[in-house]
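Take a look at the structure set out below.
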Amino acid sequence: MTPDKDGLVKKACDRLAAPFAAFLAGRAKRPDWIVVDFCHHWLPPIADEHCVPCAMFHIIPAAMNAMFGPRWANARYPRTAPEDFTVPPKWIPFPSTIAFRRREFGWIAGAFKPNASGLPDVERVWRTEEQCRLIINRSCHELEPPQLFDFLTGLFRKPTVPAGILPPTTNLVTDDDDDDDRSEVLQWLDGQPPKSVIYVALGSEVPLRATDLHALALGLELAGVRFLWAIRSPTAGGVLPDGFEQRTRGRGVVWGRWVAQVRVLAHGAVGAFLTHCGWGSTIEGVALGQPLVMLPLVVDQGIIARAMAERGVGVEIARDESDGSFDRDAVAAAVRRVAVGGEREAFASNANRIKDVVGDQEREERYIDELVGYLRRYSRSANKKKLTRTFI
């Protein structure tokens, strides 16, 4: 799905309201909770008719909750100019770096404007938050500013709690699959020296401009490192520079098919991750101890990248602040710093320190247990039923 079709997907989701109402009305046994994301703002009122509480689940870090803020805070402290989004919101009472850069303003401004569905994304978020009893983030205290969840609970006037980062499970990083595509990638990695390869993957939703793809390719070439680049349709329309794959053959692979990302990041030959800093990819990277070269593109990615940089896990590729463009030298410089330069050990050490924290399975289980405790306490049926870990 391309970004310009995003509003149409939300419009299609809205047509599920009547079928879902019929589904819930037809159930002999009501669920204890319904966990919903921001898109389905119409769902909590339907659930309320059947006395079923809802919890809102954010797949973004909690810092983004603070950046968006609730409806009442935006009304009290309106943001009308690009500069208003390049500083922390006025409702954050403590020192903070939660803000967008000017080149990122276009996306956040769009979230406040109606799309093809007829509603702005922020309106969907506000309606869902206001009608849910609990707000949950795929995050943890260790990756957020201190006391952020306590602050958000007051800001949104309802419990805002972490679910943990829900890291990749160990069975996803074993090489026991017979799929030829995945095996070929892993076999190539098997032949590379330990920690010598930088894995490059920028997601599948936001395509880079042709000039940026050229800069990224030529920067990898200039850096002189081994690389595995997962990219959709790498030669369609001649997007890669002429001769790039031939010049880098032997030390680099451009892979145009699906990649088992968790297995790649867990491979002993991979020593760094060049990422767009989507929250899912970032979690996979830090959970597997990979230092990061960061090229944020949209949504929460800039805020995530800066949070990771503050923790010493990696660096952002330097960009032009007016239009977000970058050149081969900026790519090469960032890659060398993280993958081969004198700072490499420091980045790797910091990444492993975070891995030890967020990769602690017992800690993750405690987050889930605490979340279940919240659900028990805030369920209308808590005293009548035993709540399990199965939710709609």
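The values are calculated or read from the model by the stated rules, or taken from the named source; none is laboratory data. Predicted model only: the values in this text are computed from it and were never measured. Because the Cβ atoms are built from the backbone with ideal geometry, glycine has one as well, and the counts that use them run over all protein chains shown. SASA here: full protein model, heavy atoms, side chains in, ligands and nucleic acids out. Shrake-Rupley method; radii C 1.70, N 1.55, O 1.52, S 1.80 Å.
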Just reorder Arg257, Arg249 by solvent-accessible area, largest first, 1.4 Å probe, all chains present. Arg249, Arg257
10 Å binning of all Cα-Cα separations within segment 25-92, expressed as whole percents from 0 upward: 17, 35, 27, 15, 6, 0
For the chain, set up a Gaussian network in which alpha carbons nearer than 10 Å are linked by springs, and say which option among Asn352, Asn65, Asn74 fluctuates the most. Asn74
Mind listing the Cα extents of segment 1-140 along all three principal axes, in Å, largest one first? 52, 33, 27
Rounded to the nearest percent, how much of the accessible area of segment 83-157 (1.4 Å probe, protein heavy atoms only) is carbon and sulfur? 55
Test of understanding: in a Gaussian network model of the chain with alpha carbons linked when under 10 Å, which of Ala333, Ala230, Ala28 would top the mean-square fluctuation ranking? Ala28
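Evaluate the relative contact order of the chain (contact order divided by residue number), counting alpha-carbon pairs under 8 angstrom at least 6 apart; express in whole percent.
Values: 625 pairs, mean separation 67.6, N = 392.
This gives 17 percent for the chain.
Return the carbon/sulfur percentage of the accessible area of segment 202-312, one whole number, probe 1.4 Å, all protein chains in place.
Numbers: 2010 of 3890 Å².
Heavy-atom surface of segment 202-312 belonging to carbon and sulfur, 1.4 Å probe: 52 percent.
How large is the dipole of segment 259-387 about the Cα centre if only Lys and Arg carry +1 and Asp and Glu carry -1, each at its Cβ, rounded to the nearest 20 debye? Walk me through the numbers before you get to the answer.
Working: 18 positive and 18 negative charges, 174 e Å.
The dipole magnitude comes to about 840 debye.
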Calculate, in whole percent, how much of the Cα-Cα pair population of segment 269-331 lies beyond 21 Å. 18
Per residue Cα convex hull volume for segment 60-211, in cubic angstrom? 213
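If you roll a 1.4 Å probe over the heavy atoms of the protein chains, what accessible area per residue do you get for the chain, in Å²? Write out the running numbers ahead of the final one.
Working: 18410 Å² over 392 residues.
Per-residue value: 47 Å².
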Using +1 at the Cβ of each Lys and Arg and -1 at the Cβ of each Asp and Glu in the chain, identify which of Gly219, Val340, Gly324 lies farthest towards the dipole's positive end. Gly324
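Mind ranking 261-271, 190-200, 105-115 by how tightly packed they are, going by the mean number of other C-beta atoms within 10 angstrom, highest first?
Numbers: 261-271: 21.1, 190-200: 17.5, 105-115: 15.5.
Put in order of decreasing packing, that is 261-271, 190-200, 105-115.
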Considering only Val286, Cys13, Leu166, whose Cα is most displaced toward the positive end of the charge dipole of the chain, charges sitting on Cβ of Lys, Arg (+1) and Asp, Glu (-1)? Cys13
Just how large is the dipole of the chain about the Cα centre, in debye to the nearest 20, putting +1 at every Lys and Arg Cβ and -1 at every Asp and Glu Cβ? 1320
Which ³J(HN,Hα) values, rounded to whole Hz and listed in residue order, are derived for segment 56-71 from phi using the Karplus coefficients 6.51, -1.76 and 1.60 in 6.51 cos²θ - 1.76 cosθ + 1.60 with θ = phi - 60°, glycine and proline given as x? 8, 10, 9, 8, 10, x, 5, 4, 6, 4, 5, 5, 5, x, x, 4
Rounded if a/c is under 1.5, else prolate if a/b beats b/c, else oblate: with a ≥ b ≥ c from the C-alpha gyration tensor eigenvalues square-rooted, which is the chain? prolate
